[in-house]
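**Q** The structure under discussion is supplied below as C-alpha cells; questions concerning it will follow.
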Amino acid sequence: MPTADDFETDTLGAPSVTVKIMRLRYAGICSKCGLALPKGGKAEWTKATRSITCLACLGAGQLRADEEVEDVPYAPVGPSATAPPHPHPGDAGASARREYERRHQQREERIDARWGWLAPVVKFLGDDPQSTTAWAKGSDGERRLAAHLQRVLGERAVLLHDRKVPKTRGNIDHLAIAASGVWVIDAKNYEGKVERRDVGGWFSTDFRLYVGGRNRTRLVEGLDWQIRAVESAVRDAGVSVNAALCFTDATWKLFAEPFQIGEIWVTWANCLAELIAAPGPLERSDVVRIATELSEALPPAVPSAPL
C-alpha cells in the first residue's frame, strides 16, 4: 500500500546505489543543474539511474588525493556529444518558500511593534499560524518531489520547477518533459486518505476527489489554467500535454492505483515517475527542444543564482 512512508523512504532514505566520482569518457549533462560537462571532466556517477552530477552541485570542489577516479563510458544525450544542454531546472518550492518567509517576517514585525522589548519572549512562546506554516510545508513537499523525480527518472526526462506563467500571479510547481510527452505536475502536501468517490445518481457518474474525508475536487479544477498555459507555450501542436496531482504525504487504500478525474491523474511519487517514464513518440532531441521552449516561455518564478 503506497503511503507517505513509501515516498519518504524513496526520497530521503533511498536504497543504496553505486555512486562514485569518475572521469567522463564522453561529454555529458549534470542531472541537477543542466550544466554541460566536457569529456575528461570529473563528476559523480550514479549507476542505478545512469546519471551524472557535477562537482559544483555536490559541493565537492576538488577530489581528495586518495579518491579513486575511473573512466565512465557515459553519453547521456545519445551518440552526439554536441547535443544542446538542458535548460536550467529552476528552484523547486522557491515561490512557496518565499511566501512563507514574507508572512513570517510580517508576523515578526507586528510582534515587535506591539510588544517592544518583550517581543523575543512572545515569539518564543508562539508559533506561526497554520496559514503561514502551510507554505513552508508545501515548499518542502515540492523540493522532495523534485529530488525524487530526478533520482528515479535520471536522463529519461528533463525537469523544470516553479515556473512563472506570464500575465498571471500563478506558478506551475513542476514540468516534466519525456518521451511520453509534457507533464504538468501540481504537488500537494496534504494528509489523509486519497479517494475517488462517485457522487452521481442511479444513472449518472460524477467522480470527485476526497482527501482526509473532505471534497478536494477544486484541486483538479485548478490545473485547467496551467494546462492551457503549457499548451500555448509548446509550439508543436502534436505534443501530448498531461497533468497530474501528486500527493507527497497522503495515504492510500490497500492495493490502490493512480486514477483519473477527467483528464487529470491523481497519484503519488513512485507511480508518477512510472507514468512519466512510459514509452512515447518523442525522441531525445525533441525532449530537449520542447524543454527549452517551455523554459523560455515559462521562466523560473524566483530567479535562480547564476551557475
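**Q** Every residue in segment 85-134 that is buried (at least 16 other Cβ atoms within 10 Å of the Cβ), at pLDDT below 85 and of a type in the set (D, E, K, R), please.
**A** Residues satisfying the conditions are 99, 128.
**Q** With (1) over 30 Å from residue 276 (Cβ atoms); (2) within 22 Å of the chain's Cα centre (by Cα) as the list, and residue 116 as the residue in question, which single condition is left unmet?
**A** Result: residue 116 fails condition (2) only.
**Q** Which of the residues spanning segment 194-231 are small (Gly, Ala, Ser) and over 15 Å from residue 245 (Cβ atoms)?
**A** Of everything in segment 194-231, those that are small (Gly, Ala, Ser) and over 15 Å from residue 245 (Cβ atoms) turn out to be 200, 201, 204, 213, 229.
**Q** Does any residue of segment 156-173 turn out to be farther than 30 Å from residue 105 by Cα, out of contact with any Leu (no Cβ under 9 Å at 6 or more places or on another chain) and assigned by TED's automatic domain parsing to the domain that holds residue 261?
**A** yes
**Q** Answer yes or no: is there a residue in segment 288-300 that is farther than 15 Å from residue 175 by Cβ, crowded, with 17+ Cβ neighbours inside 10 Å and in contact with an Asp or Glu (Cβ under 7 Å, 6 or more places away or on another chain).
**A** Scanning segment 288-300 turns up no residue that is farther than 15 Å from residue 175 by Cβ, crowded, with 17+ Cβ neighbours inside 10 Å and in contact with an Asp or Glu (Cβ under 7 Å, 6 or more places away or on another chain).
**Q** Consider residue 140 carefully, then state whether it is loosely packed, with under 13 Cβ neighbours inside 10 Å and either of a type in the set (D, E, K, R) or within 27 Å of residue 52 (Cβ to Cβ) (or both).
**A** Considered against the rule, which asks whether it is loosely packed, with under 13 Cβ neighbours inside 10 Å and either of a type in the set (D, E, K, R) or within 27 Å of residue 52 (Cβ to Cβ) (or both), residue 140 comes out as no.
**Q** Checking residue 274 against (1) surrounded by 19 or more Cβ atoms within 10 Å (Cβ to Cβ); (2) out of contact with any Asp or Glu (no Cβ under 9 Å at 6 or more places or on another chain), which test does it fail?
**A** Checking residue 274 against (1) surrounded by 19 or more Cβ atoms within 10 Å (Cβ to Cβ); (2) out of contact with any Asp or Glu (no Cβ under 9 Å at 6 or more places or on another chain), the one that fails is (1).
**Q** Still on this structure: List pairs: first residue in segment 276-298 and assigned by TED's automatic domain parsing to the domain that holds residue 226 and on the phi < 0 side of the Ramachandran plot, second residue of a type in the set (Phe, Trp, Tyr) and not in a loop (DSSP other than H, G, I, E, B) anywhere in the structure, Cβ distance under 7 angstrom, at least six positions apart or on different chains.
**A** 276/183
**Q** Filter the strands (runs of 3 or more DSSP E) completely within segment 164-222 down to those with at least 2 residues that are closer than 25 Å to residue 97 by Cβ, among the hydrophobic types (A, V, I, L, M, F, W, C) and in contact with a helix residue (DSSP H, G or I) (Cβ under 7 Å, 6 or more places away or on another chain).
**A** 171-178, 181-188
**Q** Quick one: residue 238 ticks every box in (1) outside any strand (DSSP E or B); (2) surrounded by 12 or more Cβ atoms within 10 Å (Cβ to Cβ) except a single one, so which number is it?
**A** Result: residue 238 passes all but (2).
**Q** Quickly run through segment 200-220 and pick out the residues that are under 24 Å from the mean Cα position of the chain (by Cα) and either loosely packed, with under 13 Cβ neighbours inside 10 Å or in contact (Cβ under 8 Å) with a residue 60 or more places away in the chain (or both).
**A** 218
**Q** Out of (1) touching a Phe, Trp or Tyr at 6+ places or on another chain (Cβ under 6 Å); (2) in the same structural domain as residue 283 (by TED's automatic domain parsing); (3) of a type in the set (A, V, I, L, M), the odd one out for residue 136 is which?
**A** If we test residue 136 against (1) touching a Phe, Trp or Tyr at 6+ places or on another chain (Cβ under 6 Å); (2) in the same structural domain as residue 283 (by TED's automatic domain parsing); (3) of a type in the set (A, V, I, L, M), just (2) comes out false.
**Q** Do you know which residues across segment 245-271 are among the small types (Gly, Ala, Ser) and touching a His at 6+ places or on another chain (Cβ under 9 Å)?
**A** Result: 269, single match.
**Q** Restricting the first residue to segment 173-191 and requiring it to be closer than 28 Å to residue 136 by Cβ, which pairs with a second residue that is assigned to a loop (DSSP other than H, G, I, E, B) and hydroxyl-bearing (Ser, Thr, Tyr) meet a Cβ separation below 8 Å and a spacing of at least six or different chains?
**A** Every condition considered, the pairs that remain are 187/248; 188/248; 189/248.
The values are calculated or read from the model by the stated rules, or taken from the named source; none is laboratory data. The structure presented is a predicted model; accordingly, all values stated were derived computationally and were not measured. Backbone-built Cβ (ideal geometry, glycine too); neighbour counts: all protein chains shown.
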